[in-house]
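Read the structure below first, then the notes.
The values are calculated or read from the model by the stated rules, or taken from the named source; none is laboratory data. Small disclaimer: the values here were computed from a predicted structure and weren't measured. Quick reminder, even Gly has a Cβ in these numbers, built from the backbone with ideal geometry, and neighbours come from all protein chains shown. Quick note on the areas: whole protein, heavy atoms, side chains included, nothing else; ligands and nucleic acids left out. Shrake-Rupley method; radii C 1.70, N 1.55, O 1.52, S 1.80 Å.
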Amino acid sequence: MKLSSLATTIGKVLLTLLMVMPILGTLGIFPAPTPDMYHTPEAFQFVNILMTSKYVMMMSVVVYLLAIFCLWTKRTALAALLLLPITLNIVGFHAFLDGGLLTGGAVMGNVFLILNLAFLWQQRAQYAVLWKQQA
C-alpha cells in the first residue's frame, strides 16, 4: 500500500468517525448539549434550537449517511461536495458564535474542514467539468 493511499484511508476513517458522532447524537445515543459545552450563550441557544427543531439535524444525518456511502464506494468527489456546506457552517458557527476557531470546541470542526479540503483538492480534476461553460 502506497503512502498516499494509506493517508487517504486514514482520512476516510477520520472523516467517517466525525460524521458518525453527530448521527449518534441526533439519534439520542449521546447526551443532549448543555450550556457549559459552549463559550457563549448564543452558541448554546443556536444549537439548542437546531436540536429541538429536529428538521436540520435529520437532514444533516441524511447527508452524512449519503456522504459516508459515497466516501467508501469510490465517490469521494461527491462526498466532499456534499459535506462542503455543512463543513463551512460548522466552521462559521465556531468562528462567529462560539468564541473562535482556536477554542477547544472548534477542534473537531477544524479537522473536519482540513479533511474535507484535502479530499476536495485530491479530487479536483473531477470538478473541471463543473467550471466549463455550457453552449
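Some notes on this structure:
- Selection count where residues are closer than 16 Å to residue 21 by Cα, open to solvent by less than 40 Å² (accessible area, probe 1.4 Å) and hydrophobic (A, V, I, L, M, F, W, C), scope the stretch 64-79: 2
- Considering each residue of the stretch 120-135 in turn, at least one proves to be assigned to a helix (DSSP H, G or I), open to solvent by less than 100 Å² (accessible area, probe 1.4 Å), farther than 21 Å from residue 47 by Cβ and in contact with a Ser or Thr (Cβ under 8 Å, 6 or more places away or on another chain).
- Of the residues making up the stretch 92-134, those that are among the β-branched types (Val, Ile, Thr) and either closer than 29 Å to residue 37 by Cβ or in contact with a Lys or Arg (Cβ under 9 Å, 6 or more places away or on another chain) (or both) are 103, 107, 111, 114.
- The stretch 48-63: number of residues that are open to solvent by 90 Å² or more (accessible area, probe 1.4 Å) and either outside any helix (DSSP H, G or I) or among the aliphatic types (A, V, I, L, M) (or both): 3
- Boolean, residue 29 is at pLDDT below 95 and not in a helix (DSSP H, G or I): yes
- Residue 89 open to solvent by 80 Å² or more (accessible area, probe 1.4 Å) and under 20 Å from residue 33 (Cα atoms): yes
- The listed residues are 47, 63, and the only one of them that is under 21 Å from residue 91 (Cβ atoms) and at pLDDT below 95 turns out to be 47.
- Within the stretch 26-53, the set of residues being of a type in the set (Ser, Thr, Tyr) and more than 12 Å from residue 105 (Cα to Cα) comprises 26, 34, 52, 53.
- Residue 108 falls short on exactly one of the conditions (1) over 16 Å from residue 21 (Cβ atoms); (2) under 12 Å from the mean Cα position of the chain (by Cα); (3) open to solvent by 60 Å² or more (accessible area, probe 1.4 Å), and that condition is (1).
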